[in-house]
Structure formats: structure tokens, C-alpha cells
1. Can you spot a residue in region 203-226 that is modelled with pLDDT under 85 and hydroxyl-bearing (S, T, Y)?
2. Which one is modelled with the lowest pLDDT, of the residues in region 91-117 that are more than 19 Å from R255 (Cα to Cα), surrounded by 15 or more Cβ atoms within 10 Å (Cβ to Cβ) and not hydrophobic (A, V, I, L, M, F, W, C)?
3. Would you point out the residue of region 41-86, among those that are over 17 Å from K30 (Cα atoms), in contact (Cβ under 8 Å) with a residue 12 or more places away in the chain and within 27 Å of the chain's Cα centre (by Cα), that is surrounded by the fewest Cβ atoms within 10 Å (Cβ to Cβ)?
4. Of all residues in region 79-94, which are part of a loop (DSSP other than H, G, I, E, B) and either among the charged types (D, E, K, R) or at positive phi (or both)?
5. Please tell me if V191 is crowded, with 16+ Cβ neighbours inside 10 Å, of a type in the set (A, V, I, L, M, F, W, C) and either out of contact with any Phe, Trp or Tyr (no Cβ under 9 Å at 6 or more places or on another chain) or in the same structural domain as L223 (by TED's automatic domain parsing) (or both).
6. Inside region 95-167, counting only helices (runs of 4 or more DSSP H) that do not spill past its ends, which hold 2 or more residues that are more than 15 Å from the chain's Cα centre (by Cα) and more than 26 Å from G67 (Cβ to Cβ)?
7. Is it the case, given these coordinates, that N169 is loosely packed, with under 13 Cβ neighbours inside 10 Å, without any contact (Cβ under 8 Å) to a residue 40 or more places away in the chain and under 30 Å from K211 (Cα atoms)?
8. Return yes when R15 is over 26 Å from A222 (Cα atoms), outside the structural domain of V218 (by TED's automatic domain parsing), out of contact with any Pro (no Cβ under 8 Å at 6 or more places or on another chain) and exposed (fewer than 15 other Cβ atoms within 10 Å of the Cβ) and no when it is not.
Amino acid sequence: MILLLKKLETELKIRGFSKKTQSAYLFHNKRFLDFIKKNTDEIEVEDIKAYMAHLISDKGLKASSVGLAMSSLRFLYDEMMGKGLFVKIKLPKLEKKLPTVLTKEEMKRLISAITNPKHNLLIKMLYSSGLRVSECVNLRVHDLDLEERFGIVKGGKGGKDRNFILSHNLVNDLKAYLRNNDGENSYVFDVKGRPLSIRQAQKIVVNAAKKAGIKKRVFCHALRSSFATHLLEAGTDIRVIQELLGHSNLATTERYTKVSREQLKKVKIPLDDI
């Protein structure tokens, strides 16, 4: 098993997978082998199905978590070993939940609820740029061009670099905040030379929502969803939004067309014409 997982790790590195993905794929493949107690050359379709049933029924995992586990196994057994096991396997359907979106009024309350300058700036950055939380906390000072009001995400999802825009208000706040910054290479949201952790960022947003009295389930990604939805409501072309969010597939961006309440309000209901 150790040798196999080492080969898997090497292949993941060669393919350029993120450290987070490498860790997840190694974890799920080890768990599967511990569960099935077979040599890899003896693995069959029924073994995969048995493990999937175990994750769903015994562990109570959601479809998204089961999907990640299956993707991990598919990479090893189909892509690396060429077994073709997953041709005969149907994965559980993912739940199609609408993303959480805050109104502009709720965003004002959220921002006003935080007095800590760093925390306040984090919330403004997430909302005004549409960055993923991992991208935001890993921003360095030299990634920002405050005069041109642009920033760059380096090695975002899929290893892609992309530009993002900075609002006028945010630029003014950033200039004041970074005035005493140690250097161009330091993190924007620096904590003793290290970036603010994703967990810390999530906690900041959750606490801000509680202070603001917002009843919705608010987390960092909700600010990204709100950014996209509010741009859409303002008439921004969906392909521009796709570029700003770093979506490789337009269908991912189109989810926000389903949650734009302002657009739905413009629909003339037949009953009102009677």
C-alpha cells in the first residue's frame, strides 16, 4: 500500500494538482484500501460500489463528499492503472442548492458590524473582488496595483492566474491599512509573517453576520456569490463575471441567474393583468 500511495502522490505532483487535492486523494485511497482489504490488482467494480454504499449508508456522507472519494479512486484505478472500473459505476446525484446571496442592505450591515480594521478590510475585499477565501488570504502586497485598481490571483483554482478589480473605496482603505506594512512580499492579511488561515477568515465572516443580525447562513463564499449576483443585477455581461470569478465553465457562472431576486421582481405576473 505504501508503495502504491507513493506512486499516486508522485503522479499527482507531476500533474500539478494542488496540495489540498493531493492530500484528499491520498486520504481517500488509503481509506478505501483499509476498508476493502484487497490487493490493488484484485479490485473490482463491486468493491467500489460496496465502498460507495458504506460512505452513503454507514458514514452518512453527502453526495459531494462521496463524489470526491470516487474521483480519488477513479484517478488511481482508471487513469493511472487503466482498469476502467468507473465506466460501469453511477455516482449519486449532487444536490443543486442555490448559493446564499446577501442583499446590498445586508452587505452594508455586515461591513458596519466590524470595527477591527483588518477584519473589516477582509470582508470588503471578499465582497468587492469576488475572490475565493483561499485566494484572498494568500494575497501578497505586490499582487496589488492600487494606482490602476487591479490585483492578480496567482495560481488560483486549476493553477490559473487571473486579474481582479479593486473598488475606489477599497483602494483608499488599502492605502491606509498598508501604510505601515513591512514590505511588498508580505501578505495583505498578515499574521506574524503568515497568511490569515481560511478557518480564521470564515470565523470573522460568521461572527460579523451574527453581530449584524443576519439570519441567513453566511460564510466567505456567500460574499463571492453576492458579488456575482449584484454585478448581474447591475447589467454586467455574464462572461465578464465568469472571467472575474475565474470559472472555466460558463454554466457555473449561470447559477447566479437563478438567484437574482431583482431580476425576478421585474417579471410581470399574469394575475396582475386580470
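The values are calculated or read from the model by the stated rules, or taken from the named source; none is laboratory data. Here the structure is a predicted model, which is why all the values come from computation and not from measurement. For neighbour counting, all protein chains shown are included, and Cβ atoms are generated from backbone atoms with ideal geometry for every residue, glycine included.
1. Checked against the condition, which is being modelled with pLDDT under 85 and hydroxyl-bearing (S, T, Y), region 203-226 yields no hits at all.
2. P92
3. So the residue we want is S64.
4. If the condition is that a residue be part of a loop (DSSP other than H, G, I, E, B) and either among the charged types (D, E, K, R) or at positive phi (or both), then G82, K83, G84, K90, K93 are the ones that fit.
5. no
6. 104-112, 117-129
7. Answer is no for this residue.
8. The answer is yes for R15.
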